[in-house]
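Have a look at the structure below, then the notes.
The values are calculated or read from the model by the stated rules, or taken from the named source; none is laboratory data. Just so we're clear, the structure is a prediction, and the values are computed from it rather than from any experiment. We place every Cβ from the backbone using ideal geometry, glycine too, and count neighbours over all the protein chains shown. SASA here: full protein model, heavy atoms, side chains in, ligands and nucleic acids out. Shrake-Rupley method; radii C 1.70, N 1.55, O 1.52, S 1.80 Å.
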Amino acid sequence: MPDIINLLPDSVANQIAAGEVIQRPASVVKELVENAVDAGADEIIVVIKDAGKTLIQVTDNGKGMSTTDARMSFERHATSKINQASDLFALRTKGFRGEALASIAAIAHVELKTRQESDAVGTFIVIEGSEVKKQEAVACAKGTSFFVKNLFYNVPARRNFLKSDSAETSAIIDEFERVALTHPEVSFTLINNNSEVHRLEKSGLRQRIVAILGKGSNEKLVPVEEATDYVKIKGFIGKPEFARKTKGEQFFFINNRFIKNAYLNHALIRAYDQLLAPDTHPAYFIYFDIPPHAIDINIHPTKTEVKFEDEKTIYAILRSTIKRSLGIYNITPTIDFDTEATVQINPLRSDESVKAPSIRLKEGYNPFAAPGANADLKRHNTIDDWQIPDPSAFKTDHPAKGAAPLPNQTAFLLPDEPQETIESSLDELSGEPIKKTPYQLHKSYILGHIKTGLIIIDQQSAHERILYEKYIRQMAHHQSYSQQLLFPLVLNFSSNEAELLNGILPDLHALGFEIESLGKGTFGVNGIPPELKENEVQISLDKMLNELRQQGELRTGKKEFLARLLARNMSVKAGEKLTEEEMQHIIDELFACELPYHSPGGKPTLITFTLEELAKRFRK
Ligand code: ADP
Ligand code: MG
């Protein structure tokens, strides 16, 4: 019997492999643009004709290739990006498989012009169906240009399966935008059949997103930021009221690589909770930065799927981060007392422990550090009901005995054993001081006992009032309190924002911000108001600038306006759990205010129910 096994010629092997990497013109665009980014280009131009079927041209001003490398780059498994298997776990580049160019060259007519800065002349290579047709020296600009013509000319089956030109073009635009969204520091241009689809200048992330989404989108975005030991998250989410019927504007990026992930999408949507109208989808642009060794991007050739070492942890962090951003931007709904809300009380089952419906990672609390806490996290995780347990819930101060209701779901139930916390400044309201412990209702309202009946304080409005008066005093007396940062922050703003920011620097200084302009939209922050958390500085300033811009001409003085903005930013929000001390503090401070009854924005800070009113309501 003769031997029958042959090694496939490279051209055939490449063609087979190409099927995995290059499915449609958009795949070529993705691979070439990613290569350009990996080559350190800061200007990338993509030109397509006939949905990329006739021509895809990608030109960059990156580092270029030597003549040998240019020739080598078309070999399968030729890559400059990894040397050994262990490099796979420290990847920061987009490519690494060394398959793209080999694949493209197997199924198209490809021309390459490339020159390194140090070389006098560049290299020109023509390759068709994996066969080098021409290689010569050429005068060309620094960087690399690929011309990919007649895609799938030798794979008719593939060619016939391509969709309409508009569908293929739209897929190309998607791929182009995904890369552009991860590299705002690179300028990108996309030209389709001689008309310009995108010209994206170098910018900050926010401006890049806005440039892609289009005019008017800036106001719709809320910044997101979180940094834990395990993962850093940044980006923007759309305000719920701008959620759309389509899912087009949803992007997750891991280490600057676009990915799809239904599980994380679920976390994000859950964070919006009740805020979305039915069948609408919020926009999001979420960037995860995670140590490369904690993910495996190697599971799919087109690499939009990613396997995480610990997906549940990311789920938890993402959800709480989004919740917090929605909360900071004050777009979580507040409970309306006028509506006849029915309070649902779910008795605890005997096998159930108390889960605090808290959404906030406590500062300094790292649920992933201690193995015990981590186990708890996992135990509580199901896809449908993901509550991040608040550690304090496990040493509950309202012990849930038997079938007692959850503390947060108890309406109007004042503690039985009041301590004697006496608040004499309430005298004027009630004629007699409070002698009971305050109680927090739905993490939004502070309930107190007064002689004449019941007082309900809106924690957020009250705290806004307290902070507002404090800031006004500070500004009037030029005595700001500032918390010095160990490591100064460097923040970047658009030229528009920088302009505004420069105009309010003295006022911000009076409010406790030590900020200086470093030029070109960059600012250094050395100190911040003590109430402000370091990781919320950018968000707060963004928000202030945004409001300042929208406001245009100010009706009140600038100082009042800023004090109000900062107070609103800094205040505790509805939905935040307060300790007894914090509640007492708010009560104390509120009644020390000059105008305790209204927030700076004019909302009531408190309402009272007299015993008579209550009695009347219970009378049949
Ligand atoms: P990978 O990106 O996975 O390494 P590719 O087949 O996409 O594999 O590219 C092979 C190699 O060719 C790259 O590793 C890189 O060294 C080189 N290369 C490709 N495109 C460019 C470019 N635009 N500029 C400079 N070098 C490039
Ligand atoms: Mg590549």
Practice task
Could you pull out the residue among 576, 589, 581 that is touching a residue at least 24 places away in the same chain (Cβ under 8 Å) and over 29 Å from the mean Cα position of the chain (by Cα)?
Solution key: 589
Handout entry: Complete set of residues in the stretch 592-608 that are over 36 Å from the mean Cα position of the chain (by Cα) and without any contact (Cβ under 8 Å) to a residue 12 or more places away in the chain
Key = 597
Exercise for the section: Determine the pairs where a residue that is under 18 Å from residue 127 (Cβ atoms), located within the stretch 60-73, has a partner that is part of a helix (DSSP H, G or I) and within 15 Å of ligand 2 (Cβ to nearest atom) with Cβ atoms under 7 Å apart, the partner being 6 or more residues away or on another chain. Expected result: 73/101
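Would you pick out the residues in the stretch 88-122 that are within 11 Å of ligand 1 (Cβ to nearest atom) and either modelled with pLDDT of 90 or more or assigned to a helix (DSSP H, G or I) (or both)? Spell out how you get there, then give the answer.
As a first pass, look at the stretch 88-122 and keep what is within 11 Å of ligand 1 (Cβ to nearest atom): 91, 93-105, 112-116.
Answer for the stretch 88-122, where residues must be within 11 Å of ligand 1 (Cβ to nearest atom) and either modelled with pLDDT of 90 or more or assigned to a helix (DSSP H, G or I) (or both): 100, 101, 102, 103, 104, 105, 112, 113, 114, 115, 116.
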Exercise for the section: Need at least 3 residues that are within 12 Å of ligand 1 (Cβ to nearest atom) and open to solvent by 40 Å² or more (accessible area, probe 1.4 Å) per element, so show me which helices (runs of 4 or more DSSP H) inside the stretch 1-79 make the cut, counting only ones lying wholly within it. Expected result: 67-72
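Residue-wise test of (1) modelled with pLDDT under 90; (2) open to solvent by 60 Å² or more (accessible area, probe 1.4 Å).
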| residue | (1), (2) |
| --- | --- |
| 574 | no, no |
| 583 | no, no |
| 591 | yes, no |
| 594 | yes, yes |
| 597 | yes, yes |
| 608 | yes, no |
| 611 | yes, yes |
| 615 | yes, no |
Fill in the blank from the handout: Every listed condition ((1) under 25 Å from residue 184 (Cβ atoms); (2) surrounded by 16 or more Cβ atoms within 10 Å (Cβ to Cβ)) holds for residue 509 save (1)
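With the requirement that a residue be open to solvent by 70 Å² or more (accessible area, probe 1.4 Å) and not acidic (Asp, Glu), what does the stretch 106-138 give you? Can you show your working first?
Here is the first cut: in the stretch 106-138, the ones open to solvent by 70 Å² or more (accessible area, probe 1.4 Å) are 113, 117-118, 120-121, 131, 133-137.
Matches in the stretch 106-138: 113, 118, 120, 121, 133, 134, 135, 137.
For the stretch 32-53, what are the residues that are away from ligand 2 (no atom under 16 Å from the Cβ) and among the charged types (D, E, K, R)? Show your work before the answer.
If we filter the stretch 32-53 for residues that are away from ligand 2 (no atom under 16 Å from the Cβ), which is where we start, we get 42-43, 45, 47-53.
If the condition is that a residue be away from ligand 2 (no atom under 16 Å from the Cβ) and among the charged types (D, E, K, R), then 42, 43, 49, 50, 53 are the ones that fit.
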Practice task
Give just the number: which of (1) closer than 28 Å to residue 593 by Cα; (2) surrounded by fewer than 20 Cβ atoms within 10 Å (Cβ to Cβ) does residue 461 not satisfy?
Solution key: (2)
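Table: residues versus (1) at pLDDT below 90; (2) within 30 Å of residue 98 (Cβ to Cβ); (3) in the same structural domain as residue 538 (by TED's automatic domain parsing).
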residue	(1), (2), (3)
229	yes, no, no
237	no, no, no
279	yes, no, no
288	no, yes, no
295	yes, yes, no
Exercise for the section: Among the residues of the stretch 222-275, write down those that are surrounded by fewer than 16 Cβ atoms within 10 Å (Cβ to Cβ), in contact (Cβ under 8 Å) with a residue 60 or more places away in the chain and part of a strand (DSSP E or B). Expected result: 227
Fill in the blank from the handout: Across (1) within 16 Å of ligand 1 (Cβ to nearest atom); (2) among the small types (Gly, Ala, Ser); (3) open to solvent by 20 Å² or more (accessible area, probe 1.4 Å); (4) outside any loop (DSSP other than H, G, I, E, B), residue 141 clears everything bar (4)
